[in-house]
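Computed from the coordinates by the stated procedures, all read-outs in this text should not be read as laboratory data. Here the structure is a predicted model, which is why all the values come from computation and not from measurement. Positions of Cβ are generated from backbone atoms using ideal geometry, with glycine treated the same way; all protein chains shown enter the neighbour counts.
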2 protein chains.
Amino acid sequence: MVEGIKPIGAKSMAEQVELSLRDYFAKKSFKPGDAIPTELELAAALGVSRNVVREALSRFKMLGIIESKKKVGMIISNPDIVGTFEKVLNPTIMDTATLQDLFELRLALEVGIADLLFIRKTEADIDELEAIAANETRGDFFRISNEIAFHGKLYEMTGNETLKNFQKLLLPIFGYVVKLEKEKQVSGKVSHKDLVKLLRKGDKEAFKKGMLAHLQPHYDRLKAHR
Amino acid sequence: MVEGIKPIGAKSMAEQVELSLRDYFAKKSFKPGDAIPTELELAAALGVSRNVVREALSRFKMLGIIESKKKVGMIISNPDIVGTFEKVLNPTIMDTATLQDLFELRLALEVGIADLLFIRKTEADIDELEAIAANETRGDFFRISNEIAFHGKLYEMTGNETLKNFQKLLLPIFGYVVKLEKEKQVSGKVSHKDLVKLLRKGDKEAFKKGMLAHLQPHYDRLKAHR
DNA sequence: AAATGTATTTTGTACTACAATTGAACAAAA
DNA sequence: TTTTGTTCAATTGTAGTACAAAATACATTT
């Protein structure tokens, strides 16, 4: 076995075209709505078959970076970043290290959104959150869905759409990692109701500490694990 | 104009095949390394041309979900989620609302990683961080690259590879939003050196407050803006 | 003027053909 | 026996043609 020798990169034409188009779009500084050349023009310009061009274009279409209409042609459009993220976030094929990383990322967010929360929160929001927290004591199945509802509402309250959708994506990861660790989900010492109270009171520092305490079991596991 | 009638979903074959394959992979619970049927088999099973199948497969290849070798066929592989994210993160075509959202997301992370930081930090890390902080006072260009180095090191110290790469991706967003707001980048009242001191001392609460103070100008802008 | 038909352009799909790669099997040689 | 070379076959990769489908522009009819 020969060490330290890497196989030469044999990029497919489709991939090369993808990169080439990326450069082209950047160089032309296209904005959403701008038209791009036809498939045939691109194929001719790049010296490849229309087939290859279409394989590359298909990639951009998946990302939502370009849209196409018959007869009209293709235009740039703004991509759906969260939707794209969803496409690769498949717990069953992701390696456990990355899953763990994402789990930690979500933990960090959970604590980090507190400042946004206190900027954007409204009384109506807190009312709703309180109603969710009121249902905290239930069976195991309901507890999990309640947990999701509560934290989901918190993200929603930040008024940050991307963040909210992002969190929704990370949910399955959360469940998966917890299951992976075979640990019975154990709650921290601070309940949802406690958190609502702190939020209502407007005590940001106390809320942050409370949230951390709420998540403490997870952090404890991290500390012991790695 | 006829109301209340939605155009029939005209998904392209390639898109339908993509979805279909997604289901198939999930149902079969494929793991990285597992072989999938050949292009011809898929085309026959789905009742479409090989062409269409290849356009769909091209998408998966971009995400790193499948790899192909001539003669051998195709296998599932674990996707590069950060790399995928990079492909859609193009500040020039993203709408400003999403850019703003991502900016906030990064702010939240910056504060939220403190707990991970205190679990994983080492003296050697802090030494390095201190060295970076020592160069804080310089010209404008250097100040920005120093800023990047400092915060980058912080993410690195979390021992979370995904987080680190994720932050690296968000950097251009950060720069872009700041420029967009036409605001001269102004520092908070807590310097990098101060943060290092707090980190060294091991005072987590103080560090968190310090970090927030460091980022305060950004939060102030948010408060005023929306 | 408004509806309708027609031509044309561009994307979407299908099919064929062949090149390139590579694993496998087997043969030849050291 | 182990290595090296050769041939074969299977599968992906690329090219090209043909035609269907949609949508625009324009002409025609009413």
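Tell me which aspartates and glutamates have Cα within less than 17 Å of A:Lys121's Cα, excluding those fewer than 8 residues away on the same chain?
A:Glu110, A:Glu130, A:Glu156, A:Glu161, A:Asp194, A:Asp203, A:Glu205, B:Asp101, B:Glu104, B:Asp220
Provide a whole-number value for the mean count of partner chain Cβ atoms within 10 Å of the Cβ atoms in peptide B:207-218.
1
For peptide B:18-25, what's the mean number of Cβ atoms from other chains within 10 Å of each residue's Cβ?
Mean number of neighbouring Cβ atoms from other chains: 1.
Averaged over peptide A:121-131, how many Cβ atoms belonging to another chain are found within 10 Å of each residue's Cβ?
Rounded to a whole number, the mean comes out at 0.
Could you tell me which residue in chain B puts its beta carbon nearest the axis mapping B onto A, with the distance rounded to whole Å?
Taking the axis that maps B onto A, the answer comes out as B:Gly112, 1.
Restrict the search to the stretch B:67-117; then list the GluC sites (Glu not before Pro) that DSSP places in a loop and that have at most 15 other Cβ atoms within 10 Å of their Cβ.
none
Sequence neighbours fewer than 8 away in the same chain don't count; with that in mind, list the lysines whose C-alpha is under 16 Å from B:Lys61.
In chain and number order, the partners are A:Lys11, A:Lys61, A:Lys87, B:Lys31, B:Lys69, B:Lys70, B:Lys87.
On a 0 to 90° scale, report how tilted helix B:50-63 is relative to the longest principal axis of chain B, with both axes built from alpha carbons and the result rounded to the nearest 10.
On a 0 to 90 degree scale, this one is about 20.
Pull up all non-local amide H partners of B:Ile66: gap of 5 or more, or a different chain, and H-to-H distance under 5 Å with H placed in the peptide plane.
B:Lys61, B:Ser77
From the phi angles alone, apply the Karplus equation (6.51, -1.76, 1.60; θ = phi - 60°) to the stretch B:16-30 and give each ³J(HN,Hα) in whole Hz, x where the residue is Gly or Pro.
4, 5, 4, 4, 4, 5, 3, 4, 4, 4, 5, 4, 7, 6, 5
With a Cα-only, solvent-free Debye model of the stretch B:83-225, what are the log10 I(q)/I(0) values at q = 0.10, 0.15, 0.20, 0.22 Å⁻¹?
Evaluating at q = 0.10, 0.15, 0.20, 0.22 Å⁻¹ gives log10 I(q)/I(0) of -0.33, -0.77, -1.37, -1.59.
Output the relative contact order of the stretch A:83-225, whole-number percent, from Cα pairs under 8 angstrom with separation of 6+ residues.
Relative contact order, the stretch A:83-225: 31 percent.
Which value, to two decimals, describes the C-alpha radius of gyration of the protein assembly as shown once divided by 2.2 N^0.38 Å?
1.07
Per-residue ellipticity at 222 nm for chain B, helices alone: DSSP H runs ≥ 4 residues times -39500 (n - 2.57), over residue total, nearest 500 deg cm²/dmol?
Result for chain B: -21500 deg cm²/dmol, rounded to the nearest 500.
Can you tell which of B:Leu40, B:Leu89, B:Leu195 shows the greatest fluctuation in a Gaussian network model of chain B with Cα springs below 10 Å?
Judging by the Gaussian network model, the answer is B:Leu40.
Sorted by average packing, counted as other Cβ atoms within 10 angstrom per residue and highest first, what order do A:54-64, B:203-213, A:197-207 take?
Peptide ranking by packing, descending: A:54-64, B:203-213, A:197-207.
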